[in-house]
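Participant: To start, I am sharing the structure in question, which I have written as structure tokens.
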Amino acid sequence: MSVARPAARSLFLRRLVSVAGATAASTITAPAPSRSAPPTTTCHQFHSSAKLAARRRSRFTNVRAVEMGLMNEEKVNEFTKETFPRYTPAEIAELRKVYSKEQLAAIQAGEAAIDAKDLTIQGRLRVDPYRMPYIDDFSHNLPVVDKRVKRNPPPNPDARFMNLDEFTQDMINWADKFRKGDVTGTLKKLQDFAPQEWRNKNEGQWPGDVRKKAQASFMAYLEAEAVKKPADVEAESHNGPTDADFLEYILERSSMTDKNQIGNSSLALALPHKVPGVAGKYKQAVDPEDHGLDDTGVYQELKKRTGMSVREILNLQNKVLVHRFVSNQTRMGKIASHSVLCIAGNGNGWLGIGEAKSTDNGIATQQAKIMAVRNMRPIRRYENRTIFGNVEEKVGAAVVRLYTRPPGFGLRVSHKIFEMCRAAGIQDLASKFVRSRNPMNTVKAAFNALVNQPDPEEIAIGRGKKFVDVRKVYYGGNVL
Amino acid sequence: MGIHSVANACAHLQNASRARLGLTSLPNTKYNLMLALAMHRAGFLSSVTRGGPHPPPPEALLSYEEPEPVTNENVATRRIWVGLKYWDNQPVLKKVQAISKPSRLVTADFKELSRVTRGFPAGMLKGLSLGECLFLSTDRGVLEAREALEKKVGGLLLCRAS
């Protein structure tokens with residue numbers, strides 16, 4: 001409304017002015033010319049922006065495509081023919097060497113599906129930011145982008161290791177490659193010394209004198225050949241396999257019945273997950289002393305390290321005391337892991353703590369338990385129920401104080417230290433966290449405190465005193 | 001008799017022990033001498049010898065020799081030389097903490113002392129823990145808490161050592 005109203009008003013005013021002018025003129029002079037003359041008042045714009053002085057023109061003149069000849073049918077065809085020529089028969093023959101018949105048919109079908117003229121008119125190399133990162137007509141193999149070319153057929157799944165006969169034959173085949181002329185052909189056979197009528201028959205059918213005669217002359221011939229040979233040996237050695245050939249035979253010749261087929265990978269073929277012939281016929285080498293408790297072999301190394309049997313290891317008390325989700329910030333993103341602190345104890349004066357981290361919770365827990373068993377230390381206990389004296393230990397900002405307590409006091413400690421005491425076999429204890437209560441650090445500090453108890457015997461030795469525990473003197477020593 | 005020298009001696013003994021010194025010296029005061037002898041009786045020190053500004057020869061540490069008489073000329077240079085003990089790579093005297101200071105003297109009577117020695121707190125005084133000793137000044141000289149209990153005396157608490 002705010003824009004339309006002044007516009008309407010100006011239109012109205014213009015109309016009024018022209019009418020008024022006409023009436024005034026008619027009263028004074030002849031009215032004819034004033035009717036056709038345009039009104040002299042300035043025309044209002046229908047928008048609020050500033051009016052341009054003149055119509056805007058580009059400072060640069062354009063050339064039309066027709067004038068350049070780009071729309072010319074002949075020129076388009078000429079360009080198409082030059083830039084996108086069809087395959088020549090020679091090129092097709094060349095392609096046939098590289099591609100299989102089906103692949104070549106696919107290539108030709110693809111070529112036929114695209115009109116070369118369309119490529120000329122519409123085909124553009126993209127320059128926008130969202131273009132594909134490479135230009136590819138699939139004529140070259142780009143190792144970064146493309147998959148590796150597999151030039152050889154897949155390995156024969158039925159291939160097996162050669163037996164002695166096959167191996168010998170394979171070796172002869174290999175050696176035959178280096179034979180110049182017919183080596184064995186130069187040597188005559190026994191048959192050659194027999195009379196003509198017996199030559200085609202088996203040696204066993206020959207009469208005795210014929211056979212003897214033939215053998216005698218054959219032996220004489222062989223001896224003569226053997227004398228003659230050494231002179232030729234040197235000449236023949238140039239024709240035989242070189243050291244490189246021998247090395248290639250030893251290193252690269254396939255020992256399987258796949259006719260020395262070359263694989264696509266330099267790695268040996270992996271065995272299938274379950275080898276067909278032997279699946280279920282073999283067992284893992286586990287110690288029979290384990291009584292089948294550790295078929296997966298998890299505790300085998302631990303068994304060696306600690307000298308405990310698997311049953312003893314499994315009978316230890318385990319408890320996960322601290323479980324944290326931790327993450328490693330890498331350029332690929334956050335890698336979340338489970339960090340587990342576990343204790344292990346035999347309930348009779350041995351305790352250990354173990355830490356482990358893994359992306360898998362089960363693995364982390366299992367590893368932490370193993371580490372806890374490995375780290376088991378003897379915990380000195382007074383009367384097998386409490387600790388010697390009061391201990392204070394500090395890990396980080398966590399300060400743990402443990403206090404020795406009389407019989408029947410119980411475990412008035414935090415739940416984590418309670419579990420540690422239960423695993424270590426301590427029944428009377430009090431504790432206090434003076435500063436930080438960080439779970440992991442308090443557990444570590446409590447473990448250190450349990451390990452580093454003062455030893456009254458050592459103190460007595462250091463001071464040169466005789467040490468007597470009066471609890472063992474009173475009551476006739478009937479205290480625990 | 002002020003006890004500032006005892007408080008200083010406590011701090012010095014702890015520092016010397018942590019620095020793994022074998023022989024160190026204290027100012028020659030009667031209080032220091034009595035405390036050093038009490039500690040020697042308790043087994044914290046290997047030797048207590050009166051001497052001058054230089055450490056006495058080793059043979060003087062292990063046997064009694066008549067010390068040089070104290071005169072007006074040499075009184076300022078007299079020292080008490082104490083030998084420190086170590087066992088199993090650890091100092092025998094790990095911690096010495098003065099209780100009384102000149103501005104605040106702390107005493108304990110026989111009853112309090114008997115509680116403290118059994119490991120229970122008595123008033124502001126915490127009970128003795130494993131291997132801890134309490135030295136106090138009584139009218140029978142400077143004694144360890146157990147000695148004082150035997151003699152049924154209390155007194156001015158000097159320091160606790162462990």
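The values are calculated or read from the model by the stated rules, or taken from the named source; none is laboratory data. It should be emphasised that the depicted structure is a prediction, and the values quoted were computed from it without experimental measurement. Don't worry about glycine lacking a Cβ; one is built from the backbone with ideal geometry, like all the others, and counts go over all protein chains shown.
Participant: Kindly evaluate residue A:471 against the criterion of being among the basic types (Lys, Arg) and either at pLDDT below 95 or closer than 30 Å to residue B:85 by Cα (or both).
Facilitator: So residue A:471 fits the description; yes.
Participant: Another question, if that's okay. Test residue B:150 against the stated conditions and say whether it is charged (D, E, K, R), surrounded by 11 or more Cβ atoms within 10 Å (Cβ to Cβ) and modelled with pLDDT of 95 or more.
Facilitator: no
Participant: While we're on this one: Of the conditions (1) within 14 Å of chain A (Cβ to nearest Cβ); (2) in contact (Cβ under 8 Å) with a residue 40 or more places away in the chain, residue B:46 fails just one. Which one is it?
Facilitator: Condition not satisfied by residue B:46: (2).
Participant: Within segment A:426-454, work out how many residues are of a type outside the set (Val, Ile, Thr) and in contact with a Lys or Arg (Cβ under 7 Å, 6 or more places away or on another chain).
Facilitator: Total satisfying the criteria: 9.
Participant: Is there a residue being away from chain A (no Cβ under 14 Å), assigned to a loop (DSSP other than H, G, I, E, B), in contact with a strand residue (DSSP E or B) (Cβ under 7 Å, 6 or more places away or on another chain) and polar (S, T, N, Q) anywhere in segment B:49-71?
Facilitator: no
Participant: For segment A:316-412, list the strands (runs of 3 or more DSSP E) that sit wholly inside it and hold at least 1 residues that are under 40 Å from the mean Cα position of the chain (by Cα) and surrounded by fewer than 18 Cβ atoms within 10 Å (Cβ to Cβ); which are they?
Facilitator: A:317-330, A:333-345, A:350-358
Participant: Right, something else. Search segment B:83-105 for residues that are more than 14 Å from every other protein chain (Cβ to nearest Cβ) and pair each with any residue that is in a loop (DSSP other than H, G, I, E, B) and exposed (fewer than 13 other Cβ atoms within 10 Å of the Cβ) when their beta-carbon atoms are under 9 Å apart and the residues are at least 6 apart or on different chains.
Facilitator: Matching pairs, first to second residue: B:102/B:2.
Participant: So which residues in segment B:38-58 are more than 18 Å from residue A:460 (Cα to Cα), surrounded by fewer than 18 Cβ atoms within 10 Å (Cβ to Cβ) and not small (Gly, Ala, Ser), if there are any at all?
Facilitator: Residues satisfying the conditions are B:53, B:54, B:55, B:57, B:58.
Participant: Only one of these conditions is not met by residue A:406: (1) within 14 Å of chain B (Cβ to nearest Cβ); (2) in contact with a strand residue (DSSP E or B) (Cβ under 6 Å, 6 or more places away or on another chain). Which number is it?
Facilitator: Result: residue A:406 fails condition (2) only.
Participant: Which is over 21 Å from residue B:156 (Cα atoms), of a type outside the set (D, E, K, R) and at pLDDT below 95, of B:27, B:102, B:67?
Facilitator: B:67
Participant: Right, next: Assess whether residue A:95 counts as being touching a Lys or Arg at 6+ places or on another chain (Cβ under 7 Å) and either outside the structural domain of residue A:76 (by TED's automatic domain parsing) or of a type outside the set (D, E, K, R) (or both).
Facilitator: The answer is no for residue A:95.
Participant: Please count how many residues of segment A:461-475 are under 18 Å from residue A:382 (Cα atoms), exposed (fewer than 13 other Cβ atoms within 10 Å of the Cβ) and out of contact with any Pro (no Cβ under 9 Å at 6 or more places or on another chain).
Facilitator: So the answer is 5.
Participant: Mind listing just one residue for me: the one in segment B:144-158 that is touching a residue at least 40 places away in the same chain (Cβ under 8 Å) and in contact with a Ser or Thr (Cβ under 8 Å, 6 or more places away or on another chain) and, of those, nearest to residue B:40 (Cα to Cα)?
Facilitator: Checking each candidate, the answer is B:158.
Participant: Going by the structure shown, is residue B:131 away from chain A (no Cβ under 11 Å) and more than 11 Å from residue B:157 (Cα to Cα)?
Facilitator: Criteria not met by residue B:131.
Participant: A follow-up question, please. So which of B:137, B:162 ends up being under 15 Å from the mean Cα position of the chain (by Cα), crowded, with 17+ Cβ neighbours inside 10 Å and over 30 Å from residue A:381 (Cα atoms)?
Facilitator: Going through B:137, B:162 in turn, the sole match is B:137.
Participant: Being more than 14 Å from chain B (Cβ to nearest Cβ), part of a loop (DSSP other than H, G, I, E, B) and free of Cβ contacts under 8 Å to residues at least 60 places away in the same chain is the filter here, so list the residues in segment A:430-480 that pass it.
Facilitator: Residues satisfying the conditions are A:434, A:435, A:436, A:437, A:438, A:473, A:478.
Participant: A further question on this structure: Quick one: count up the residues across segment A:100-145 that are in a loop (DSSP other than H, G, I, E, B) and of a type outside the set (A, V, I, L, M).
Facilitator: So the count comes out to 18.
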